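Student: Mind having a look at this structure? Questions to follow.
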Amino acid sequence: MGHCSRSQAAVLIRAGQVTLNGRTARDPESPVRMLAGRVHDLIEVDGVSVRKAAAIYLVMNKPRGVVTTASDEKGRNTVYDLLDPGLPWVGPVGRLDKASEGLLLLTNDSEWAAKITEPGSHLDKKYHVQVGCIAHADVLASITQGLVVAANSSASSLSEHLRAKAARLLRHGDKYSWLEITLDEGKNRQIRRLLEALNVPVLRLVRVSIGPLALGELKKGAARRLKLEEKKAIDRALRAVPR
């Protein structure tokens, strides 16, 4: 309903701060009745009724060194420090790690965000990646063929196949190259882990587009509302993805 993130909602519910039709609900999986696409039950947080917020869609040019969280236990700057303090709650659509930069969407429309980030969406996301080597054809081929690497968790013995949909050389100098890498699936730190497995050092990683939406000339650290035609273009791209 745009009040907070799902993880924040779970914390509030388990803390007994949420009531459903006047009764405390401590289970985040408690069902809520819907009528004509709207919540039919009364939900309150600390005695205040929660009403569906007007949908907000933002695009940000995330700078390097900023974390994509609402708060950080290490006191680092977050993407929320870059937003207008008068805005209602919005959450990031997917993530860019601290060292990565570029296009980041934020919204309070959790259903729309889920469509973009779900593994089956296959919405193309393009990245410009500076690497500390000359990327020859064999490197580009390995990026698209992929590798089986250890899962991104020290507590897990599982492995997974990481690959890119496409990779091409943009330009190179004497000791580095800029690549354009396209992903159509979302796995944690996918490009960094894939290139690390290929012994290719990543110097910069910039997301430049999500589906039809390009970063364009948006200044680093700036955020703006998504234009209506941009939102519609993303929706058309999501509908066009084979299911």
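All of the numbers you see were taken from the coordinates with simple rules; none came from a lab. Worth saying up front: this structure is predicted, and the values here are computed from it rather than measured. Reconstructed Cβ throughout: ideal geometry from the backbone, glycine too, with neighbour counts over all protein chains shown.
Student: His161: net charge of surrounding residues, Cβ under 11 Å, Lys/Arg +1, Asp/Glu -1, itself excluded? If you can, show how the numbers build up before the last one.
Tutor: On the way: positive: Arg163, Lys187; negative: Glu160, Glu185.
Its environment carries a net charge of 0.
Student: Shifting gears a bit: Loop-only check: which GluC sites (Glu not before Pro) in the range 62-117 are DSSP coil with at most 16 other Cβ within 10 angstrom?
Tutor: Glu73
Student: Further, regarding this structure: For the range 214-221, just list the computed ³J(HN,Hα) in residue order, Karplus coefficients 6.51, -1.76 and 1.60, θ = phi - 60°, integers in Hz, with x standing in for Gly and Pro.
Tutor: My calculation for the range 214-221 gives 9, 4, x, 9, 4, 5, 4, x Hz in order.
Student: To the nearest 20 debye, what charge dipole does the chain have about its Cα centre, counting +1 at the Cβ of each Lys and Arg and -1 at the Cβ of each Asp and Glu? Write out the running numbers ahead of the final one.
Tutor: Numbers: 38 positive and 26 negative charges, 71 e Å.
In debye, rounded to 20, the chain gives about 340.
Student: Which is farthest toward the positive dipole end of the chain among Met34, Cys133, Ser110, measuring Cα position about the Cα centre, with Cβ charges +1 (Lys, Arg) and -1 (Asp, Glu)?
Tutor: About the Cα centre, the residue reaching furthest to the positive side is Cys133.
Student: Now a separate question. Using just the helices of the chain, give the 222 nm mean residue ellipticity in deg cm²/dmol: DSSP H runs with n ≥ 4 each add -39,500 (n - 2.57), and the total is spread over all residues, rounded to 500.
Tutor: -5500 deg cm²/dmol
Student: Lys and Arg at +1, Asp and Glu at -1: add these up for the other residues within a Cβ distance under 14 Å of Leu83 and post the number.
Tutor: Net charge around Leu83: +1.
Student: Mind listing the long-range amide H neighbours of Cys133? Cut-off is under 5 Å, sequence gap 5 or more, other chains count too, H placed in the peptide plane at 1.01 Å from N.
Tutor: Placed amide hydrogens put Ser177 under 5 Å from Cys133.
Student: Oh, and also: Could you rank the peptides 87-93, 49-55 by their average count of other C-beta atoms within 10 Å per residue, with the highest value first?
Tutor: Packing order, densest peptide first, comes out as 87-93, 49-55.
Student: So if I place +1 on the C-beta of Lys and Arg and -1 on the C-beta of Asp and Glu, and nothing else carries charge, what would the dipole magnitude of the range 80-186 be about its Cα centre? I want it in debye, nearest 20. Each step should come with its number before you reach the end.
Tutor: Values: 10 positive and 14 negative charges, 72 e Å.
Dipole of the range 80-186, to the nearest 20 debye: 340 debye.
Student: Over the Cα atoms of the range 162-201, what radius of gyration and what Dmax do you get, in Å?
Tutor: 10.8, 32
Student: Moving to a separate point now. Count charges around Asn61 for me, please; just the other residues with Cβ under 12 Å from its Cβ, Lys/Arg as +1, Asp/Glu as -1.
Tutor: Residues close to Asn61 contribute a combined charge of +4.
Student: Can I ask one more? With springs connecting C-alpha atoms under 10 Å apart, model the chain as a Gaussian network and identify which of Asn77, Asn21, Asn199 has the largest mean-square fluctuation.
Tutor: Among Asn77, Asn21, Asn199, the largest GNM mean-square fluctuation belongs to Asn21.
Student: Got a sec to turn the phi values of the range 186-197 into Karplus ³J(HN,Hα) couplings, 6.51 cos²θ - 1.76 cosθ + 1.60 with θ = phi - 60°, whole Hz, x for Gly and Pro?
Tutor: Each residue's phi maps through the Karplus curve to give x, 10, 4, 6, 4, 5, 4, 5, 5, 5, 4, 5 Hz.
Student: Turning to a different aspect of this structure: Size of the dipole of the range 44-129 about the Cα centre, Lys and Arg at +1 and Asp and Glu at -1 on the beta carbon, nothing else charged, in debye to 20? Show your work: numbers first, answer last.
Tutor: Details: 11 positive and 12 negative charges, 64 e Å.
Here the range 44-129 has a charge dipole of around 300 debye.
Student: Under the classification rounded if a/c is under 1.5, otherwise prolate if a/b is larger than b/c and oblate if not, where does the chain fall, given a ≥ b ≥ c as square roots of the Cα gyration tensor eigenvalues?
Tutor: prolate
Student: Please arrange Thr78, Thr68 by how many other C-beta atoms lie within 10 Å of their C-beta, fewest to most. Mind dumping the intermediate values first?
Tutor: On the way: Thr78 17, Thr68 21.
The most exposed by this proxy come first: Thr78, Thr68.
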